[in-house]
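Q: Below is one structure. I have some questions about it.
Each value in this text was obtained by applying a stated rule to the coordinates, not by laboratory testing. Note that the structure is a prediction, hence the values are computed from the model and not measured. Backbone-built Cβ (ideal geometry, glycine too); neighbour counts: all protein chains shown.
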Amino acid sequence: MKFQDLLVHQKSFSLAMKIFEITKSFPKEEMYSLTDQIRRSSRSVPANIAEAYRKRVYPKHFHSKLTDSDAENSET
């Protein structure tokens with residue numbers, strides 16, 4: 001099984017792509033602040049899930065990466 005097969009990764013990746021499309025319509029003056037931050041934090045969620053999956057044999061690292069993913073999701 002690959003991390004791409006995880007439902008949570010698929011949904012978070014899909015949401016990041018939707019957020020990217022939605023933020024295209026944000027005001028131009030927000031391009032380098034709000035828009036950029038939302039895009040970066042939303043892309044970080046599936047990235048951290050992928051890292052967590054790779055480190056699943058190390059429980060503390062696994063938990064840490066999932067915690068990071070949750071934090072980025074909250075930030076988004």
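Q: Could you work out the helix-only [θ] at 222 nm for the chain, with each DSSP H run of four or more residues adding -39,500 (n - 2.57) and the total divided by the number of residues, to the nearest 500 deg cm²/dmol?
A: Numbers: 3 runs with 53 residues, N = 76.
Calculated mean residue ellipticity at 222 nm is -23500 deg cm²/dmol.
Q: Which one, E51, E21, E29, has the greatest fluctuation when you compute a Gaussian network model over the chain with C-alpha springs under 10 angstrom?
A: So, out of E51, E21, E29, the one fluctuating most is E29.
Q: Let me ask something additional. Of all trypsin sites (Lys or Arg not before Pro) in the stretch 4-46, which ones are in loop regions per DSSP and have a Cβ with at most 14 other Cβ atoms within 10 Å?
A: Details: sites: K11, K18, K24, K28, R39, R40, R43; in loops: K24.
Passing sites in the stretch 4-46 are K24.
Q: Relative to the Cα centre, what is the charge dipole magnitude of the chain, using +1 at the beta carbon of each Lys and Arg, -1 at the beta carbon of each Asp and Glu, and rounding to the nearest 20 debye?
A: Details: 13 positive and 10 negative charges, 75 e Å.
With only Lys, Arg, Asp and Glu charged at Cβ, the dipole is about 360 debye.
Q: Now a separate question. Suppose R0 equals 30 Å. What FRET efficiency, 1/(1 + (r/R0)^6) with r the Cβ-Cβ distance, do K24 and S64 give to the nearest 0.05?
A: Numbers: r = 33 Å, r/R0 = 1.10.
Plugging the Cβ-Cβ distance into 1/(1 + (r/R0)^6) gives 0.35.
Q: Over the chain, calculate the relative contact order: mean separation of alpha carbon pairs under 8 Å at least 6 apart, over the residue count, as a percent. Before the final figure, lay out each step's value.
A: Values: 67 pairs, mean separation 25.0, N = 76.
Computed value for the chain: 33 percent relative contact order.
Q: Measure off 7 Å from each Cα along the Cα-to-Cβ vector at F3 and A71, then give the distance between these two points in nanometres to one decimal.
A: The two pseudo-label positions are separated by 1.7 nm.
Q: With the dipole of the stretch 18-76 worked out from charges on the C-beta (+1 for Lys and Arg, -1 for Asp and Glu) around the Cα centre, which of A52, Q37, T76 lies farthest toward the positive end?
A: Value computed over the given set: A52.
Q: In addition: Using the C-alpha atoms of the chain, what convex hull volume per residue, in cubic angstrom, is computed? Don't skip to the answer; put the middle values down first.
A: Working: hull volume 5.4 nm³, N = 76.
Per-residue hull volume (Cα only) is 72 Å³.
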